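Sharing a structure, written as structure tokens. Questions coming.
The values are calculated or read from the model by the stated rules, or taken from the named source; none is laboratory data. Only a predicted model underlies this, so the values are computations on that prediction, with no experimental measurement involved. Quick reminder, even Gly has a Cβ in these numbers, built from the backbone with ideal geometry, and neighbours come from all protein chains shown. All accessible areas refer to the heavy atoms of the entire protein, side chains included, with ligands and DNA or RNA removed. Shrake-Rupley method; radii C 1.70, N 1.55, O 1.52, S 1.80 Å.
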Amino acid sequence: TLAWTILRGGSFVSPGTDAGDVIESLRAGAVVVAGDGSNYVSMVNVADMACAVASSLKLAPAGSTFNIVDEPLRYGDYVDATADLIGAARPVRVPNLPLPPSWRCTNRAALTVLGWMPRERIWMDGWL
């Protein structure tokens with residue numbers, strides 16, 4: 001019998017991920033926020049994901065699924081705050097562009113069952 005657990009990670013952030021491309025795009029003024037930027041993104045630092053994997057190997061019941069994410073944020077708020085951190089202009093909103101899908105996940109099950117919680121920053125200021 002195969003015992004399995006699914007860990008659904010959010011969008012990864014840390015040096016070496018696509019998050020670094022966001023910084024360069026913000027500096028170049030190339031980031032555009034669709035609609036009003038109210039769509040949610042759920043992110044997780046790569047180091048936190050690794051800790052969740054280790055916890056799941058010890059504590060996860062077979063057949064369980066966990067969202068491994070930090071607190072969800074609105075995309076517009078995230079890129080505005082990142083722009084502020086790096087001293088770049090905030091991205092322009094384009095109201096006539098449709099909002100991308102919203103990925104608002106809760107980490108409650110991982111907190112409760114695995115005792116896991118995010119400890120690393122999802123904000124990019126610490127690794128610029």
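Scanning for something at pLDDT 95 or above, open to solvent by 60 Å² or more (accessible area, probe 1.4 Å), among the aliphatic types (A, V, I, L, M) and assigned to a loop (DSSP other than H, G, I, E, B), does region 95-104 turn up at least one residue?
Taking every residue of region 95-104 in turn, at least one turns out to be at pLDDT 95 or above, open to solvent by 60 Å² or more (accessible area, probe 1.4 Å), among the aliphatic types (A, V, I, L, M) and assigned to a loop (DSSP other than H, G, I, E, B).
Select from region 32-48 the residues that are among the aliphatic types (A, V, I, L, M) and surrounded by 21 or more Cβ atoms within 10 Å (Cβ to Cβ) and list them in ascending order. Break it down into steps so the answer makes sense when it comes.
Going through region 32-48, the residues among the aliphatic types (A, V, I, L, M) turn out to be 32-34, 41, 43-44, 46-47.
Answer for region 32-48, where residues must be among the aliphatic types (A, V, I, L, M) and surrounded by 21 or more Cβ atoms within 10 Å (Cβ to Cβ): VAL33, VAL41, MET43, VAL44.
So in region 20-31, with the set limited to residues that are on the phi < 0 side of the Ramachandran plot and touching a residue at least 40 places away in the same chain (Cβ under 8 Å), which one is most open to solvent (accessible area, probe 1.4 Å)?
Restricting to residues being on the phi < 0 side of the Ramachandran plot and touching a residue at least 40 places away in the same chain (Cβ under 8 Å), the top hit is ARG27.
Continuing with this model, one more query. Give region 105-116 a look and list any residue that's assigned to a loop (DSSP other than H, G, I, E, B) and open to solvent by less than 60 Å² (accessible area, probe 1.4 Å), or say none. Reasoning before the result, please.
Taking region 105-116 first, the residues assigned to a loop (DSSP other than H, G, I, E, B) are 105-107, 115-116.
Across region 105-116, the qualifying residues are CYS105, ASN107, GLY115, TRP116.
Mind counting the residues in region 47-96 that are of a type in the set (Phe, Trp, Tyr) and free of Cβ contacts under 8 Å to residues at least 40 places away in the same chain?
Just the residues of region 47-96 that are of a type in the set (Phe, Trp, Tyr), to begin with: 66, 75, 78.
Next cut, free of Cβ contacts under 8 Å to residues at least 40 places away in the same chain only: 78.
Number of matching residues: 1.
For the subset of region 1-19 comprising residues that are among the hydroxyl-bearing types (Ser, Thr, Tyr) and without any contact (Cβ under 8 Å) to a residue 60 or more places away in the chain, which member is surrounded by the fewest Cβ atoms within 10 Å (Cβ to Cβ)?
If we take residues in region 1-19 being among the hydroxyl-bearing types (Ser, Thr, Tyr) and without any contact (Cβ under 8 Å) to a residue 60 or more places away in the chain, then THR1 is surrounded by the fewest Cβ atoms within 10 Å (Cβ to Cβ).
Residues that are closer than 14 Å to ARG104 by Cβ: list the strands (runs of 3 or more DSSP E) wholly contained in region 1-83 that include at least 1 such residues.
By residue number, 5-9, 11-13, 43-45, 64-68.
Can I ask one more? If ALA60 passes every condition in (1) closer than 19 Å to GLY29 by Cα; (2) surrounded by 15 or more Cβ atoms within 10 Å (Cβ to Cβ) but one, which one does it miss?
(1)
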